[in-house]
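K.L.:
Mind having a look at this structure? Questions to follow.
The values are calculated or read from the model by the stated rules, or taken from the named source; none is laboratory data. In this text the structure is predicted, and so the values were computed from the model without any measurement. All Cβ positions, glycine included, derive from the backbone under ideal geometry; neighbour counts span all protein chains shown. Heads up: the accessible areas ignore ligands, DNA and RNA and are worked out on the full protein's heavy atoms, side chains in. Shrake-Rupley method; radii C 1.70, N 1.55, O 1.52, S 1.80 Å.
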Amino acid sequence: MMTNIFALPGWGRSNPLAETERLRRELDRLAGGLFRRVAQAGIFPAVNLTEDRDNYYIRAELPGLDAADLDIQAAGNTLSLSGERKISAEENVKYHRREREAGRFSRIIHLPGAADTEKIEASLVNGILSISIPKSEAAKPRQIRVN
Amino acid sequence: MSEQKELQVREKQEVASPAEQIRSGPVFTPAVDIFENEKEIVLLADIPGVKAEDVNIDLRENILTVTGDIAPFEGAGEQDLLTEYEVGKYYRQFTLSEVIDQSKIEAKSEKGVLRLTLPKAEKALPRRITVKSN
């Protein structure tokens, strides 16, 4: 009987797209500043999502917001972020430029893995919202010792 | 009312040809509000991520230059999963048509918003001239 050697377990990654993604990242890294990759979801606020061994990090630029203007809720591996940016109106002035915008926003962010929602921490410093989300034990990489 | 408006994402505007760059990295044009009343010109600029001490304001002749340097805040071991915006310095230049009292310029940076108050110089203030009648 013929065994299909390509079907051996352990040859493929768990996610078939992961390898493509890794390659793409690597190419981007090599390309350096030539192409910068910004994938816009088109929903305010734009967020950056990163991870390290233990946490996911979400960052968003929200200048002028107070912590009280924000509502962050986490359930499972989704995080909802909503709030309102207020800009107080100035009286008896003549405007030359008015580019800063006020308004409401609401967005849902899906995390790529399971998170420990109990220990999420968020901070708003100099107009940057940073949320750190601890990965659940299952989502963390585990080192396997070889005996 | 504007309060009820849904905010839309606006892509950060990269500076087309900034003054000669010493350090590399993207440079963005901050969104600003500029308004004036009789006494002063006020400039509000969105510069998220810039610490108060990293804001640089320069007024020479009548050219006002605002720059904001940014320190990377990602941890060393972090890998990008999704990048929707880029982080970089801010740079913008304005030409002022009014004469500004340089000694009284005030700058305050809070919550990622710079507020710059430029008081008009005395001679630029409108003055009422009373006509005396005999």
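K.L.:
Can you list the residues of the range A:92-121 that have at least 20 square angstrom less accessible area with all protein chains present than in their chain by itself, probe 1.4 Å?
P.N.:
A:93, A:94, A:95, A:96, A:97, A:99, A:100, A:101, A:102, A:103, A:104
K.L.:
While we're on this one: Heavy atoms only, 1.4 Å probe, whole protein assembly: order A:86, A:135 by accessible area, highest first.
P.N.:
Order by accessible area, largest first: A:86, A:135.
K.L.:
What order do B:55, B:99 take when sorted by accessible area (1.4 Å probe), most exposed first?
P.N.:
B:99, B:55
K.L.:
For the pairs B:51/B:104; A:94/B:111; B:5/B:39, note any where the Cα-Cα span goes beyond 30 Å.
P.N.:
The pairs that break the limit, which is 30 Å between Cα atoms, are B:5/B:39.
K.L.:
What quantity of accessible surface, computed with a 1.4 Å probe and excluding non-protein components, is buried in total between chains A and B, in Å² to the nearest 100?
P.N.:
Chains A and B together bury roughly 4700 Å² of accessible area.
K.L.:
Label residue A:25 and residue B:106 with points 7 Å out from Cα along Cα→Cβ: what is the distance between them in nm?
P.N.:
4.8
K.L.:
Additional query: Tell me the relative contact order for chain B as a rounded percent, counting alpha carbon contacts under 8 Å between residues six or more apart.
P.N.:
26
K.L.:
Put simply, what bits of the range A:45-64 lose 10 Å² or more of accessible area when the other protein chains are there, versus the chain on its own (1.4 Å probe)?
P.N.:
At a threshold of 10 Å² (probe 1.4 Å), the residues of the range A:45-64 that become less exposed are A:46, A:47, A:48, A:49, A:50, A:51, A:52, A:57, A:59, A:61, A:63, A:64.
K.L.:
Choose one answer from B:13, B:79, B:102: the residue with the largest mean-square fluctuation in a GNM of chain B with alpha-carbon springs under 10 Å.
P.N.:
Result for chain B, Cα springs under 10 Å: B:79 fluctuates most.
K.L.:
Of the heavy-atom accessible surface of the range A:44-147 (probe 1.4 angstrom), what whole percent is carbon and sulfur?
P.N.:
Ligands and nucleic acids excluded, carbon and sulfur reach 44 percent.
K.L.:
Accessible surface of residue B:73 in the full protein assembly, 1.4 angstrom probe, to the nearest 10 Å²?
P.N.:
My reading of the accessible area for residue B:73 is about 70 Å².
K.L.:
Then there's this: I'd like the mean, over residues of B:26-39, of how many other protein chain beta carbons sit within 10 Å of each residue's own Cβ.
P.N.:
4
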